[in-house]
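The values are calculated or read from the model by the stated rules, or taken from the named source; none is laboratory data. Quick caveat: nothing in here was measured; it's all calculated off a predicted structure. Cβ placement follows ideal geometry from the backbone for every residue including glycine, while neighbour counts extend to all protein chains displayed. With ligands, DNA and RNA removed, areas are computed over all heavy atoms of the protein, side chains included. Shrake-Rupley method; radii C 1.70, N 1.55, O 1.52, S 1.80 Å.
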Amino acid sequence: MVRSTQLLHPPRAPAPTRPAATVLLLRDTPQGVEVLMTRRSASASFAPGAYVFPGGGIDPADAQCHALAARRDTQDELRLTQAIAAIRESFEELGVLLARRRDGRPAGAADIAALDRQAPFAPQCEAAGLVLAADTVYVLAHWVTDRDLARRFDVPFLVARMPDGQQPVADEAEQFEPVWVRPADALARHAAGGFFMIFPTIRTLQRLAGYASVDAVLAACANEQPLWTSCPRAGLLHGKEARYMESDPPYGELALVCPDGQIVHELGWQHERPVPLLRHLLRLTAPNPGHMTGPGTNSYLVGDAATGYAAIDPGPADAAHVQRLFDAAGGDIRHILCTHSHADHSPGAALLQALAVQAGKPRPAIGGLPSAPTARPASRFTPDYALTDGQRIVLQDAQGGTTHTLQAVFTPGHAANHVCFVLEEDALLFSGDHILNGSTTIIDPPDGNMRDYIDSLDRLDALCAAHDARFILPAHGYVLGFARQAIAKLKAHRLSREAKVLAAMQRQPDGSVQDWVRLAYDDTPPQLWPIAERSLLAHVERIRALCGRQ
């Protein structure tokens with residue numbers, strides 16, 4: 001866990017959440033699935049003026065009328081309560097009634113007209129002999145309101161088929177202008193500025209747009225578990241507020257820098273100044289963006305004015321970038337560490353060392369692993385000293401108080417001399433190029449080795465488990481959160497790709513590398529196939545090695 005003393009922003013308690021339920025009423029049309037939406041009152045305390053799905057808070061009475069509802073065998077008590085709340089809200093707000101008469105016929109216009117939308121719902125249904133059709137309501141997603149907002153809800157987004165023969169009529173108090181709309185059309189109207197929606201609504205519609213029918217949506221929800229769960233986080237992108245789900249690349253960085261939801265962290269990539277991540281952690285991104293480097297190579301400074309700094313991956317031979325790195329540390333560079341020898345990571349080390357000497361500072365030693373004979377000429381690298389596996393590099397203030405300890409962990413695979421580092425006091429993993437955010441790293445034989453790469457992933461997973469590490473700081477891209485899940489996802493991706501490579505080899509046993517790439521990377525733009533060939537060769541080597549063991 002990150003030390004609370006190192007957080008940039010003082011802790012604050014987010015507002016408590018309130019239980020609520022929302023329902024997406026769906027219908028099939030010749031043009032595709034449509035969803036019922038309404039506009040909230042301009043004076044509403046939450047999301048005023050936004051187009052939303054019907055829903056609201058869960059009342060205590062919703063949990064007390066289970067006997068009035070039909071349920072599936074797999075529908076537990078909580079899901080039943082949520083479904084009842086959604087049925088009640090859709091009736092109160094839009095006059096839509098998901099219910100059946102005792103003889104099994106669906107409720108119709110006469111049943112709806114006999115009920116008072118302002119009076120308690122359940123007693124009226126019981127008196128009218130209506131059974132709430134909770135068995136037709138399924139959970140689609142689970143949203144928890146963002147930590148920065150004053151009013152927060154813990155709300156399942158449920159789905160149900162719109163009953164035949166019913167027409168929505170807004171209550172004209174909380175909801176206005178009911179409208180049937182295709183998800184894609186709602187998103188287009190929002191983008192054009194004429195259909196305001198809040199973040200969870202937008203993201204839900206984006207995923208709903210992928211379904212061809214109501215049956216397909218309901219089938220996807222049949223296992224009673226939400227298809228996704230999210231408590232979004234917000235940051236600043238070029239000065240404007242932007243929100244992200246857990247699957248979005250900036251999410252982990254926002255969780256590290258602003259764990260309680262403060263909207264203060266700028267996410268726009270820039271190269272002129274370092275970005276504070278913690279009190280003792282700065283990131284300076286080199287101005288070398290591209291297909292292979294993403295937004296650029298991340299150089300990290302670990303330490304503070306009292307302990308001095310360790311620089312991880314000083315980057316390419318860019319004098320201006322290295323000067324900015326030196327200045328950000330106040331010239332007090334104690335250690336220079338390189339995760340591996342590639343040209344966008346290690347050449348800056350000698351420049352940074354020279355700056356320290358020119359400034360009259362003690363000469364910081366360059367640590368890393370020397371490049372192997374298999375390295376390409378542009379990736380030759382000889383450090384001042386070779387790290388040992390498990391070696392600790394310690395920064396400590398003169399009083400022996402604050403300490404920052406970096407442990408070296410050998411992780412061959414992307415390169416034969418690749419090393420990761422763990423900042424032990426804060427359980428942070430600096431992953432170099434072994435784990436990236438937003439792309440998968442290239443494994444380029446002979447210096448790259450897929451067998452070693454997969455084994456190193458397993459080692460990093462065990463390391464994260466031992467340290468309870470939750471954040472990964474890659475050499476390219478934002479900070480990754482959910483460290484072990486990220487590693488598991490990356491390994492699953494690699495093994496899935498390997499299965500496609502094996503299938504291509506079996507389909508065309510005499511095929512060329514180019515033939516196999518077309519089959520195994522058919523989900524990748526053809527312009528990237530020359531790069532993909534490198535990793536494919538690494539997969540081929542691993543496949544043949546595994547077959548040789550059997």
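The lysines within cross-link reach of residue 491, meaning a Cα-to-Cα straight distance under 18 Å and a gap of 8 or more places when in the same chain, are 500.
A full extension of the chain between residue 29 and residue 273 corresponds to an added length of 82.5 nm, given 0.36 nm per residue minus the alpha carbon distance. Taking all protein chains as shown and a probe of 1.4 angstrom, residue 59 keeps an accessible surface of around 70 Å².
Across segment 55-67, rounded Karplus estimates of 3J(HN,Hα) from the backbone phi angles (6.51 cos²θ - 1.76 cosθ + 1.60, θ = phi - 60°) give x, x, x, 7, 8, x, 5, 5, 7, 9, 10, 4, 5 Hz, Gly and Pro being marked x. Between the Cα long axis of helix 199-208 and the first principal axis of the chain there is an angle of about 80°, rounded to the nearest 10. You can think of it this way: the chain between residue 173 and residue 374 has 65.1 nm of extra reach, that is 0.36 nm per residue less the Cα-Cα gap.
Rounded, prolate or oblate: pick one for segment 424-484, where a ≥ b ≥ c are the square roots of the eigenvalues of its C-alpha gyration tensor, a/c under 1.5 means rounded, and failing that, prolate if a/b is larger than b/c, else oblate.
Here segment 424-484 falls in the oblate category.
Taking all protein chains together, 529, 516 sort by accessible area into 529, 516, largest first [probe 1.4 Å].
Is the shape of segment 182-272 rounded, prolate or oblate, going by the alpha carbon gyration tensor and its root eigenvalues a ≥ b ≥ c, with a/c under 1.5 for rounded and a/b larger than b/c for prolate? Cα axes put segment 182-272 in the oblate bin. When 493, 414 are compared by accessible area of protein heavy atoms, the largest-first order is 493, 414, using a 1.4 Å probe. The heavy atoms of residue 180 present about 50 square angstrom of accessible area, all protein chains included, probe 1.4 Å.
Applying the Kirkwood pairwise sum to the alpha-carbon positions of segment 289-356 produces a hydrodynamic radius of 11.8 angstrom.
Kindly report, to the nearest 10 Å², the accessible surface of residue 142 as traced by a 1.4 Å probe over protein heavy atoms only. Residue 142 has an accessible surface of roughly 50 Å² with all protein chains in place.
Relative to the longest principal axis of the Cα atoms of the chain, helix 77-94 runs at roughly 60 degrees.
Just the number: Rg to Rh for segment 471-537, Cα atoms, Kirkwood Rh, two decimals.
Numbers: Rg = 14.5 Å, Rh = 13.4 Å.
Computed over Cα atoms, the ratio is 1.09.
How much of the DSSP bridge set in the chain is antiparallel, in percent, rounded to the nearest 5? Walk me through the numbers on the way to the answer.
Details: 57 of 82 bridges.
Antiparallel: roughly 70 percent of the beta bridges in the chain.
Near the amide H of residue 317, under 5 Å away, which other amide H atoms are found, from residues 5 or more places off or on another chain, if H is placed in the peptide plane? For residue 317, the qualifying residues are 348.
One equal scatterer on each Cα of segment 339-421, no solvent, Debye formula: the resulting log10 I(q)/I(0) at q = 0.11, 0.13, 0.14, 0.18 Å⁻¹ is -0.35, -0.48, -0.55, -0.84.
Take the Cβ atoms of residue 291 and residue 397, set R0 to 41 Å, and the FRET efficiency comes out at 0.45.
Would you mind giving the three semi-axes, in whole Å and largest first, of the ellipsoid equivalent to segment 235-319 according to its Cα gyration tensor? Provide the component values of the computation, followed by the final result.
Details: eigenvalues 101, 66, 23 Å².
Equivalent ellipsoid of segment 235-319: 22, 18, 11 Å, largest first.
Relative to one another, the C-alpha centroids of segment 325-364 and segment 19-46 are positioned 56 Å apart.
For segment 522-531, 3J(HN,Hα) computed residue by residue from phi via the Karplus equation (6.51, -1.76, 1.60; θ = phi - 60°) reads 5, 9, 10, x, x, 5, 9, 4, x, 6 Hz, glycine and proline entered as x.
Annotation: amide H-H contacts under 5 Å for residue 58 (H modelled 1.01 Å from N, sequence separation of 5 or more, or interchain): 20, 21. Inter-label distance, residue 149 to residue 317: 5.3 nm, where each label sits 7 Å from its Cα along the C-beta direction. In the context of the full set of protein chains, residues of the chain present 42 Å² of accessible surface per residue (probe radius 1.4 Å, heavy atoms only). Sorted on the mean count of surrounding Cβ atoms within 10 Å across their residues, most packed first, peptides 250-257, 65-72 read 250-257, 65-72.
Modelled spin labels at residue 41 and residue 515, positioned 7 Å past Cα toward Cβ, are 7.0 nm from each other.
Using equal-weight Cα scatterers in the Debye expression, the normalised intensity of segment 399-549 in log10 at q = 0.15, 0.16 Å⁻¹ is -0.78, -0.86. For residue 24, the amide hydrogen comes within under 5 Å of the amide hydrogens of 158, 159, 160, counting only partners 5 or more places away or on other chains and with H modelled in the peptide plane.
Would you list 151, 376 from the most to the least accessible area, probe 1.4 Å?
Working: 151 75, 376 135 Å².
The residues order as 376, 151, largest area first.
Evaluating 6.51 cos²θ - 1.76 cosθ + 1.60 at θ = phi - 60° for every residue in segment 31-40, the Karplus couplings come out as 8, x, 5, 10, 10, 8, 10, 9, 9, 6 Hz, glycine and proline recorded as x. Remark: spin-label model distance residue 185-residue 305 equals 6.1 nm, labels positioned 7 Å along the Cα→Cβ axis. Within the chain, what whole-number % of the accessible surface is contributed by carbon and sulfur, with the 1.4 Å probe and all protein chains included in the calculation? Using a 1.4 Å probe with all protein chains present, the chain comes out at 54 percent carbon and sulfur. The Stokes-Einstein estimate for the chain, based on a Kirkwood radius over Cα pairs and taken at 25 °C with 0.890 mPa s viscosity, is a diffusion coefficient of 92 µm²/s. Averaging the Cα positions of each part gives two centres, and for segment 241-286 and segment 419-473 these lie 20 Å apart. One equal scatterer on each Cα of segment 50-177, no solvent, Debye formula: the resulting log10 I(q)/I(0) at q = 0.15 Å⁻¹ is -0.69.
Taking the Cα centre of segment 121-266 as origin, sum charge times position over the Cβ atoms of Lys and Arg (+1) and Asp and Glu (-1), and report the length of that vector in debye to the nearest 20. Could the numbers behind the result be given before it?
Values: 11 positive and 19 negative charges, 72 e Å.
The dipole of segment 121-266 has a size of about 340 debye.
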